[in-house]
Amino acid sequence: MSTSQTTGLYEPVRSEKISVGTLGYIRARHRQRQYDIVIRELKKSGISQADLARRLGKAPEVISRLLARPGNWESDTFSDLLFAISGAVASYHAEYPLSQRVEEFPAEQIKPESAPIRSKSAFSLGTQANNDAIIDEWKRQAQGAPIPMAA
Amino acid sequence: MSIRAKLRTLLSRNRLFELESLFTGNDTARTMIVSADILAVVTPPFSDTEHGRRLGEFRAWLDNFSEGGEISVAEDPDQKPPDAMLARVAPVDDELWSVRVTEPEDTAGIRSLGGFAAKDKFICLIWDFREGIPVFDDEVDAAHDAWCDLFGSQGPMSGANLDEYLTNYRAV
């Protein structure tokens, strides 16, 4: 079966500029996650759009428009919708999906100038100097340099 | 030959591609299948340009589908809210649907046409920036031709109601 290669999206590295295309992808995912939460709460609660509009003091067509797609809601709009639907508040946590998937990248497909972070825990526990050394090593590996044996 | 068997053949011959989510790989609730043309434009890196931003949005739509995200769906081509994420296109009997990427809001968005191979399994065949589609019916004809080229007389899946097409949807 033909399966698309998962390549080309990397965690930010040093001062390298993130393309607006990458930001567009990440932003859209974020909007969609917010939309998922709101729509699932709406379905679970059984509240009508008309009642939701009344709770928020908004016109029904405004609510209808908001719920039609994962739009670029203001943070307050997201909060208002969630709370008005079911009294819920969002809880947040950070994930690192790109660093989790990076082991699947063939070395030749890793851009030397944007080497990904292979191990978040190893990276974050290191000093800045150690982290720089780790990044340099990844770049060397991506460029096909022999991997030095551990002492 | 069933649509399932034809699809398997098309995938094995690299005429269609199963699109992995950039975040979750093939561990997905739904399946998104795309043509080579679409695979080429939604495969990162996404450029540091307006086009790159729009194609990043397009890929996020496709990955959201794969990952089982909520999708607003308009079943009636003549009563379609402007913000629906997925809309059936006329003629209804052709069973073609329009993937509607409506963000970024300051752009006309992207449209991609295709059909369902099975419940929660969608095949995107053609795409274009919305402003590049002056006559939408021509785009529908092109999608119809693309489907026939791949599947012959075997049309897309036809369901009695939206529940038969996909899960986690919201009719609008």
Tally of residues being surrounded by fewer than 18 Cβ atoms within 10 Å (Cβ to Cβ) and at the interface with chain A (Cβ under 7 Å from one of its Cβ atoms) across region B:1-37: 5
Test: residue A:99 is among the polar types (S, T, N, Q) and modelled with pLDDT under 95: yes
Test: residue in region B:130-148 that is closer than 15 Å to residue B:65 by Cα, at pLDDT 95 or above and away from chain A (no Cβ under 12 Å): no
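Go over the candidates B:112, B:66 one by one and state the one that is in contact with a strand residue (DSSP E or B) (Cβ under 7 Å, 6 or more places away or on another chain) and either of a type in the set (Lys, Arg) or within 14 Å of chain A (Cβ to nearest Cβ) (or both). Steps first, answer last, please.
On the way: B:112 fails: either of a type in the set (Lys, Arg) or within 14 Å of chain A (Cβ to nearest Cβ) (or both).
Criteria check complete, one pass: B:66.
Mind telling me which of the residues B:30, B:13, B:59, B:54 ends up being modelled with pLDDT of 95 or more, of a type in the set (D, E, K, R), more than 14 Å from residue B:121 (Cα to Cα) and touching a strand residue (DSSP E or B) at 6+ places or on another chain (Cβ under 8 Å)?
Of the residues listed, the single one that is modelled with pLDDT of 95 or more, of a type in the set (D, E, K, R), more than 14 Å from residue B:121 (Cα to Cα) and touching a strand residue (DSSP E or B) at 6+ places or on another chain (Cβ under 8 Å) is B:54.
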Subset of region B:38-53 (residues that are facing another protein chain (nearest Cβ under 7 Å) and of a type outside the set (Ser, Thr, Tyr)): B:39, B:44, B:45, B:46, B:48, B:52, B:53
Qualifying positions in region A:80-97 - in a loop (DSSP other than H, G, I, E, B) and within 14 Å of another protein chain (Cβ to nearest Cβ): A:94, A:95, A:96
Identity of the residue in region A:49-96, farther than 19 Å from residue B:102 by Cα and charged (D, E, K, R), that ends up modelled with the lowest pLDDT: A:95
Helices (runs of 4 or more DSSP H) lying entirely in region A:1-79 (those with 1 or more residues that are touching a residue at least 24 places away in the same chain (Cβ under 8 Å) and away from chain B (no Cβ under 12 Å)): A:20-45, A:49-56
Test result for residue B:56, surrounded by fewer than 22 Cβ atoms within 10 Å (Cβ to Cβ), among the small types (Gly, Ala, Ser) and either under 24 Å from residue A:26 (Cα atoms) or more than 7 Å from chain A (Cβ to nearest Cβ) (or both): no
From B:75, B:103, B:139, B:70, residue being charged (D, E, K, R), touching a Gly at 6+ places or on another chain (Cβ under 8 Å) and crowded, with 17+ Cβ neighbours inside 10 Å: B:103
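The values are calculated or read from the model by the stated rules, or taken from the named source; none is laboratory data. Keep in mind the model is a prediction, meaning the values are calculated, not measured. So basically every Cβ, Gly included, is an ideal-geometry build from the backbone, and we count neighbours across all protein chains shown.
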